[in-house]
1. Taking loop as defined by DSSP and a crowding limit of 12 other beta carbons within 10 Å, which trypsin sites (Lys or Arg not before Pro) in the range 212-244 fit?
2. With a 1.4 Å probe and all protein chains kept in place, how much accessible area does TYR240 have, in Å² rounded to the nearest 10?
3. Show me 53-61, 169-177, 197-205 ranked by packing, highest mean number of other Cβ atoms within 10 Å first.
4. How fast does the range 151-242 diffuse by Stokes-Einstein, in µm²/s, taking the Kirkwood radius from C-alpha pairs at 37 °C and 0.692 mPa s?
5. What is the extension gain from SER127 to GLU32, computed as 0.36 nm multiplied by their sequence separation minus the C-alpha to C-alpha distance, in nm to one decimal?
6. Which peptide among 72-83, 123-134, 183-194 comes first, and what is the full order, when sorted by highest mean count of other Cβ atoms within 10 Å?
7. Let me check against my output: what whole-number percent is the relative contact order of the range 151-242, with C-alpha pairs under 8 Å and at least 6 apart?
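The values are calculated or read from the model by the stated rules, or taken from the named source; none is laboratory data. Computed from a prediction, not measured in an experiment: that's the story for all the values here. FYI the Cβ positions are ideal-geometry reconstructions off the backbone, even for glycines, and counts take in every protein chain you see. Remember, those area values only see protein heavy atoms, side chains included, never the ligands or the DNA or RNA. Shrake-Rupley method; radii C 1.70, N 1.55, O 1.52, S 1.80 Å.
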Amino acid sequence: MDGDAREQLTQITTPSAGAGPTRGLILVIEDERHIADLIRLYLAREGFGVHVAADGAAGLAAARSLSPVAILLDVRLPGLDGTEVCRTLRADGNWTPVVFVTARDDEIDRILGLEMGADDYVTKPFSPRELVARVRAVLRRADGPPRAGHVLSVGAVTLDAGRRRVTAGGRPAELTTTEFDLLAALMRRPGLVHTRERLLSEVWGYEAAAGTRTVDVHVAQVRAKLGAASPIRTVRGVGYTADA
Ligand code: CA
């Protein structure tokens, strides 16, 4: 890529004048120019500011310096790839919501893998509506109004909804935004069996067509992080419940 193209790729797009205050800056880390342009267009139209970085290293630097409200992260990037970018951010203690963009179904398990801390993903080709819905959903989950004093306890797990903190057997557990919301949905009504479709709708904010495997993968992550204290029980053929 020549210098001019890179310059254009990394400039910040802000909503058109008169569009009112921005909903926040979204960092788009994507090396394919036409996809980056498309994403920029969709998000700017929704009132988001957009910063595009064309490779992993530039993306990581922008994530650290610009404090975006969310990151759209392509999996396949030159140099540092998307999974490495996400892992590095999480290792730094940066929990900005990350939505992965992938061209391949077989990458989904890797993306949602145990230590990655991805909040969601979209597969190429995606529709503008789908992309914007995913971004809004992760922002809604990350920015949910804090409910001070709202502390849930099931068995040895305590979840503080206001501070967004979880302890398992007295030890703090580091959950991603999505993992936290999934656990909260289950712990809010202990003993009630939640179907995967219901969890998708309640936690991810979209309909069951998105695929229930996402729920299973995230439940596995929460269980791994809570260890023996995990209150989540599988109800075969139906879904999940939080049991004391
Ligand atoms: Ca790519």
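1. Within the range 212-244, the qualifying trypsin sites (Lys or Arg not before Pro) (loop, at most 12 other Cβ atoms within 10 Å) are ARG236.
2. About 10 Å², rounded to the nearest 10.
3. Details: 53-61: 21.7, 169-177: 16.4, 197-205: 18.9.
Top to bottom by mean Cβ count within 10 Å: 53-61, 197-205, 169-177.
4. Details: Rh = 13.0 Å.
D, rounded to a whole number, is 253 µm²/s.
5. Working: separation 95, 0.36 × 95 = 34.20 nm, distance 1.66 nm.
Length difference between fully extended and current span is 32.5 nm.
6. Values: 72-83: 20.6, 123-134: 15.2, 183-194: 18.7.
By packing density, highest mean first, the sequence is 72-83, 183-194, 123-134.
7. Values: 140 pairs, mean separation 29.2, N = 92.
Once divided by the residue count of the range 151-242, the mean separation gives 32 percent.
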